[in-house]
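The values are calculated or read from the model by the stated rules, or taken from the named source; none is laboratory data. Note that the structure is predicted; figures quoted are calculated from it, not measured. Don't worry about glycine lacking a Cβ; one is built from the backbone with ideal geometry, like all the others, and counts go over all protein chains shown. The protein model used for the area step is the full one, side chains on, heavy atoms only, and it has no ligands, DNA or RNA in it. Shrake-Rupley method; radii C 1.70, N 1.55, O 1.52, S 1.80 Å.
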Amino acid sequence: MTTRSFPRRSALPRFAATLVLGCTLATAGLVPARANPLDSGPLADFINVFKTQAIPRETVAYAGKEKPGTIVISTSQRRLYYVLGRGEAIRYGVGVGRRGFSWSGTKTITGKKEWPAWRPPSQMLARRPDLPRYMAGGQDNPLGARAMYLGSSLYRIHGSNEPETMGAAVSSGCIRMTNKDVVDLYDRVRVGTKVIVKD
């Protein structure tokens, strides 16, 4: 017969007192307040799994000759393909650069970040001086849940806090995905992945 051990009752009041004291000190500004766990991190990732998708992710037939693991982005279709091989790819709906900001070419993923902070580049600040100079990572951050950096360019494949822009040409050249989709892609790719952007 197995026995179960339970914490001593005397530990519970001490725990409650510590919790209340910690909250009081944080409110008084004596210790730093912790970030909301629903704003970024594993809980936020879990919540994003249940959000509806305007353009559902799906595995489709793919006739391209790229090697498995390659990312191919069609700006005209506003779709991103992650090549699986054997004539298949995973297709994601994306937002692309608006008129005057679209581009094409071949890049490599040179970095990956979860819930990245955002610092608008100087070119964007020149056009939009009202933007913040820095924004911590989280649900309200324009880079969303994940970012994959493309070479030495200013462009990224990143999540978005504007899922309604998927399938639209609205960005300054970055490739936007829903947070749900960008987490899925992020977990599949590695630094060094080839990214082909074409019309």
From L30, L80, residue being at pLDDT 95 or above, in contact with a helix residue (DSSP H, G or I) (Cβ under 9 Å, 6 or more places away or on another chain) and of a type in the set (A, V, I, L, M, F, W, C): L80
Six or more apart or on different chains, Cβ atoms under 8 Å: show the pairs whose first residue is in segment 59-81 and within 17 Å of G159 (Cα to Cα) and whose second is part of a loop (DSSP other than H, G, I, E, B) and polar (S, T, N, Q). I71/T193; T75/S102; T75/S104
Residues of segment 92-122 satisfying the condition of being open to solvent by 20 Å² or more (accessible area, probe 1.4 Å), within 24 Å of G137 (Cα to Cα), not in a strand (DSSP E or B) and not hydroxyl-bearing (S, T, Y): W115, A117, R119, P121
Of the residues in segment 164-199, how many are closer than 24 Å to P68 by Cβ, outside any loop (DSSP other than H, G, I, E, B) and either in contact with a Ser or Thr (Cβ under 6 Å, 6 or more places away or on another chain) or in contact (Cβ under 8 Å) with a residue 40 or more places away in the chain (or both)? 13
F46, sole failed condition from (1) modelled with pLDDT of 85 or more; (2) open to solvent by 80 Å² or more (accessible area, probe 1.4 Å); (3) within 21 Å of the chain's Cα centre (by Cα): (1)
Condition test on L25, is it at pLDDT below 95, over 31 Å from the mean Cα position of the chain (by Cα) and either surrounded by 12 or more Cβ atoms within 10 Å (Cβ to Cβ) or assigned to a strand (DSSP E or B) (or both)? yes
Identify all residues within segment 75-91 that are over 16 Å from T108 (Cα atoms) and either open to solvent by 40 Å² or more (accessible area, probe 1.4 Å) or over 18 Å from the mean Cα position of the chain (by Cα) (or both); write none if there are none. T75, S76, Q77, R78, R79, L84, G85, R86, G87, E88, A89, R91
When you go through (1) within 17 Å of the chain's Cα centre (by Cα); (2) at pLDDT 90 or above; (3) farther than 25 Å from S152 by Cβ one by one for G138, which number turns out not to apply? (2)
Flagged pairs (Cβ under 8 angstrom, 6 or more apart or on separate chains; first in segment 107-122, closer than 18 Å to I73 by Cβ; second of a type in the set (S, T, N, Q)) are K107/S153; T108/T193; I109/T193; T110/S152
G137 vs. criteria in a loop (DSSP other than H, G, I, E, B), out of contact with any His (no Cβ under 9 Å at 6 or more places or on another chain), closer than 22 Å to Y82 by Cβ and open to solvent by less than 40 Å² (accessible area, probe 1.4 Å): no
Listed residues S160, S171, S122; which is of a type in the set (S, T, Y), at pLDDT below 90 and either over 18 Å from the mean Cα position of the chain (by Cα) or at negative phi (or both)? S122
Restricting to segment 142-163, count the residues that are touching a residue at least 40 places away in the same chain (Cβ under 8 Å), more than 17 Å from R190 (Cα to Cα) and polar (S, T, N, Q). 2
